[in-house]
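Below is one structure; the comments refer to it alone.
The values are calculated or read from the model by the stated rules, or taken from the named source; none is laboratory data. Just so it is clear, the structure is predicted and the values come from calculations on it, not from any experiment. Counting neighbours? That spans all protein chains shown, and the Cβs are built from the backbone with ideal geometry, glycine included.
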Amino acid sequence: MGIYTIESIRQLTYDTYEMTLSGDMSWIKAPGQFVNIKIDGFFLRRPLSVCDIDDRYMTLIFKVAGEGTKALSMMKVSSQLDILCGLGNGYDINVSISEPLLIGGGCGVPPLYYLAKTLKNKGITPSVVLGFNKKEDVFYEDKFKALGCNVCVCTVDGSYGYIGLVTDIMDMFDYDYTFSCGPEGMLKAIYDKSIVSGQFSFEERMGCGFGACMGCTCKTKYGYKRICKDGPVLFKEEILW
Amino acid sequence: MVNLSVNLSGLTLSNPIIPASGCFGYGKEFSEYYDINILGSFCMKGTTKEPRFGNETPRIAESSSGMLNSVGLQNPGIEHVVQQELKEIRAYYSKPVIANISGFSVEEYEYCVRRLRGIDNVGLIEVNISCPNVEQGGMSFGTDPEMAAKVTKAVVKVADKPVYVKLTPNVTDITEIAKACESEGASGICAINTLSAMRIDIKKQKPVLANITGGLSGPAVFPVALRMVYQLYKEIKIPIIGIGGISKVEDVIEMMMAGATAVQIGSLNLVDPYICKTIINQLPGMLEQLGIDDINKIVGAAHR
Ligand SMILES: Cc1cc2nc3c(=O)[nH]c(=O)nc-3n(C[C@H](O)[C@H](O)[C@H](O)COP(=O)(O)OP(=O)(O)OC[C@H]3O[C@@H](n4cnc5c(N)ncnc54)[C@H](O)[C@@H]3O)c2cc1C
Ligand SMILES: Cc1cc2nc3c(=O)[nH]c(=O)nc-3n(C[C@H](O)[C@H](O)[C@H](O)COP(=O)(O)O)c2cc1C
Ligand code: FES
């Protein structure tokens, strides 16, 4: 646990914010891990994925989904947050792959950015499919492009990019592996559609976020797993829907 | 030097702070945050005869100053706990722990308690007759004095350690249940478990919890727990472990003044994994401020 200082806060869309924080980043070991944030006035912490990190700064992106994230969006620069850092397993990038496809939907997009960066550093440039509901929701397309990734955006209503769901456009790319994060319905559709292996990042309501309460357990082919500790990333081969 | 050590039916604790069942796992996750050997003891996740998945998710909801859970006693079963968890605990916790037992029949409680015989890193058995999150059994044992007496009698007979019975607040008169347990040989009483509760997601127009109802815990329930411990202290002679909503050192003192010999801290561990350590560090200073040299002197102080 640690105290982190808000260095900047920027509105990306009408309801989505990007926040950078400084503090002890040594807790974070892998892309796809998350942090759990104490917000004044709320009993439970709020889990958010790590979107980017270097030795001093961490970037989070969050959508205002309710009261907690609303309060977070109104925090001032240089104020401090109590955060449990480096939670969850994260994506395993030590798998043998050459053409990974990253697929993100809505607030599932953030962790894929640090994943893309990490893969890039390993010499693998992933292709990226980003799905949003409508034009006004789109964020980070340029950031992925700046990494050199091939990026395709789709919106459900067709107001930006391709029309449809991520599964409608994912086959535009050649890929031998998928990394995905987003709503469960999207993950399931990717699971059903893709014939290659992959890793899927799940969400669940959490009591603790570090494996103590059994609040977030799901069934897998290899037994019960805590989304917060043994996940949030599960391998395609172990998932039970 | 302020004396912090307390005695629970022969088991001496270096201080009265015990993480509560279901909020501390088997201690392992917390041992990665701090050396948990500073704890008086800790209470393991509730164990049943057979392994249990528990309820469907969502199992967690939030409320003002608290939370609801409907985990439903997920646990790997007594055999696994004995063969694996209790052995692994020795690597990071050198004192005796408290084993929390649940069941769906008197025989199941008895079976689990018998299975714990001779295991020297279990110092005390906490019999949970109060879980609101399971369909049959569980809480129904805790709402009927006759059933409570039956379970107590059966487990006391086979236990080789002190038996404390953990009670539900979801009753009209908690003292009646406690007296039934005391008369059948319980060494102590733990109070309280969670309060039956629910939340509705107004966007979906549906209950938040898949199980519909869950148990409320956290600071919101502290005054309720305190009142019940106070009532229990008046009616029973055996020691009480006070549980419910404790979030700071002052709450520990209040709970002990109401009549608790030791306390358990539950939900707060989930949102602040260092809470027990913080409170243990603050206790001596707090007592000194109150002019107290031995923590045992405040037990039941509010009754005098
Ligand atoms: C591992 C993980 C990573 C996440 N990463 C991101 C991210 O990078 N960006 C982002 O915008 N959102 C992310 N989310 C979702 C985010 O946690 C919720 O949107 C947020 O908790 C909502 O809080 P609230 O107070 O605004 O909403 P409320 O609805 O008022 O919250 C009430 C309670 O429900 C919980 N809750 C509500 N929605 C969710 C949800 N979708 N998942 C888990 N708990 C929820 C809250 O934490 C809180 O305890 C992530 C969730 C998880 C589990
Ligand atoms: C997530 C969670 C799981 C729990 N599991 C158990 C359990 O297995 N057995 C039990 O006797 N009590 C269980 N409890 C109840 C706690 O031990 C405690 O009695 C209750 O939460 C009140 O204390 P608190 O307000 O400090 O949390 C659980 C509570 C929570 C929040
Ligand atoms: S949220 Fe507590 S175990 Fe996962």
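Data overview
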| item | result |
| --- | --- |
| Failed item in (1) touching a residue at least 24 places away in the same chain (Cβ under 8 Å); (2) touching a Pro at 6+ places or on another chain (Cβ under 9 Å); (3) hydrophobic (A, V, I, L, M, F, W, C), with B:ILE200 passing the rest | (1) |
| Yes/no for B:GLU79 being out of contact with any Gly (no Cβ under 6 Å at 6 or more places or on another chain), within 14 Å of another protein chain (Cβ to nearest Cβ) and not in a strand (DSSP E or B) | no |
| Residue satisfying all of: in segment B:77-102; crowded, with 24+ Cβ neighbours inside 10 Å and small (Gly, Ala, Ser); nearest to B:PHE141 (Cα to Cα) among these | B:SER102 |
| Number of the condition not met by A:LEU119 [criteria: (1) under 30 Å from B:GLU32 (Cα atoms); (2) part of a loop (DSSP other than H, G, I, E, B)] | (2) |
| Any chance A:GLY215 is in a loop (DSSP other than H, G, I, E, B), within 12 Å of chain B (Cβ to nearest Cβ) and small (Gly, Ala, Ser) | yes |
| Candidate set: segment A:219-238, residues that are touching a Leu at 6+ places or on another chain (Cβ under 8 Å) and farther than 14 Å from A:ALA30 by Cβ; chosen: the one nearest to the other protein chains (Cβ to nearest Cβ) | A:LYS219 |
| Qualifying position, being within 16 Å of ligand 2 (Cβ to nearest atom) and either more than 19 Å from A:PRO183 (Cβ to Cβ) or hydroxyl-bearing (Ser, Thr, Tyr) (or both), among A:ASN89, A:ASN36, A:ASN94 | A:ASN36 |
| Output for segment A:63-75, where each listed residue is in contact with a strand residue (DSSP E or B) (Cβ under 7 Å, 6 or more places away or on another chain) and either in a loop (DSSP other than H, G, I, E, B) or outside the structural domain of A:ILE6 (by TED's automatic domain parsing) (or both) | A:MET75 |
| Residue within segment B:269-277 that is more than 14 Å from every other protein chain (Cβ to nearest Cβ), touching a residue at least 40 places away in the same chain (Cβ under 8 Å) and in contact with a helix residue (DSSP H, G or I) (Cβ under 8 Å, 6 or more places away or on another chain) present | no |
| Helices (runs of 4 or more DSSP H) lying entirely in segment B:103-209 (those with 1 or more residues that are buried (at least 21 other Cβ atoms within 10 Å of the Cβ) and of a type in the set (Gly, Ala, Ser)) | B:139-143, B:145-158, B:174-183 |
| Candidates B:SER41, B:SER31, B:SER94, B:SER65, filtered to the one that is at the interface with chain A (Cβ under 9 Å from one of its Cβ atoms), of a type in the set (Gly, Ala, Ser) and under 23 Å from B:CYS276 (Cβ atoms) | B:SER65 |
| Residue within segment A:74-82 that is within 14 Å of chain B (Cβ to nearest Cβ) and within 16 Å of ligand 3 (Cβ to nearest atom) present | no |
| Residue in segment B:138-161 that is of a type in the set (Ser, Thr, Tyr), at pLDDT below 95 and on the phi < 0 side of the Ramachandran plot present | yes |
| Filtered residues of segment A:33-62 (kept if part of a loop (DSSP other than H, G, I, E, B) and within 16 Å of ligand 3 (Cβ to nearest atom)) | A:GLN33, A:PHE42, A:PHE43, A:LEU44, A:ARG45 |
| Candidate set from segment A:42-90 (those that are exposed (fewer than 15 other Cβ atoms within 10 Å of the Cβ) and small (Gly, Ala, Ser)); member that is farthest from ligand 1 (Cβ to nearest atom) | A:SER78 |
| Failed item in (1) of a type in the set (D, E, K, R); (2) touching a residue at least 24 places away in the same chain (Cβ under 8 Å); (3) away from chain A (no Cβ under 12 Å), with B:ARG52 passing the rest | (3) |
| Given (1) surrounded by fewer than 19 Cβ atoms within 10 Å (Cβ to Cβ); (2) within 14 Å of chain B (Cβ to nearest Cβ), index of the condition A:GLU203 fails | (1) |
